[in-house]
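S.K.: Okay, here's the structure, questions in a sec.
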Amino acid sequence: MKIVLGVLLNESRHSAYHLVSVVLFLLGFFVALTATDLGPFAPLLVSCGIYLVAGSLLLQALFWLRVGLRKVLSPWLAT
């Protein structure tokens, strides 16, 4: 387990960020998928799962927006 985590964390400085985002996405997906069997609590858990998925997608979108802005603005920021 240490070797796998070491490879994931040393691959780039943002690997842990992407790993957390993917885990949140999968957790939200499976919560929303399996919550239909819980009777009256199903709508609450389905909405929580949807919020987890939306949050992880938002994290990735903000990350790529930041990366894109850094690449576009880097010539002006360097001077």
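S.K.: Residues 57, 62, 52: which one is surrounded by fewer than 14 Cβ atoms within 10 Å (Cβ to Cβ) and either modelled with pLDDT of 90 or more or assigned to a helix (DSSP H, G or I) (or both)?
M.R.: 62
S.K.: Given the structure, is residue 15 modelled with pLDDT under 85, among the small types (Gly, Ala, Ser) and surrounded by 13 or more Cβ atoms within 10 Å (Cβ to Cβ)?
M.R.: yes
S.K.: Looking at the stretch 42-59, I want the residues that are without any contact (Cβ under 8 Å) to a residue 24 or more places away in the chain and within 21 Å of residue 17 (Cα to Cα) and have a partner that is surrounded by 13 or more Cβ atoms within 10 Å (Cβ to Cβ) and of a type in the set (A, V, I, L, M) with Cβ atoms under 6 Å, at least 6 apart or on another chain. Which pairs are those?
M.R.: The qualifying pairs are 49/31; 49/32; 50/32.
S.K.: So, one more: When residue 35 is evaluated against the numbered criteria (1) surrounded by 13 or more Cβ atoms within 10 Å (Cβ to Cβ); (2) modelled with pLDDT of 90 or more, which criterion, by number, is the only one it fails?
M.R.: (2)
The values are calculated or read from the model by the stated rules, or taken from the named source; none is laboratory data. Since the structure is predicted, the reported quantities are computational estimates derived from the model, not experimental observations. Note that each Cβ is placed from the backbone with ideal geometry, even for glycine, and that neighbours are counted across all protein chains shown.
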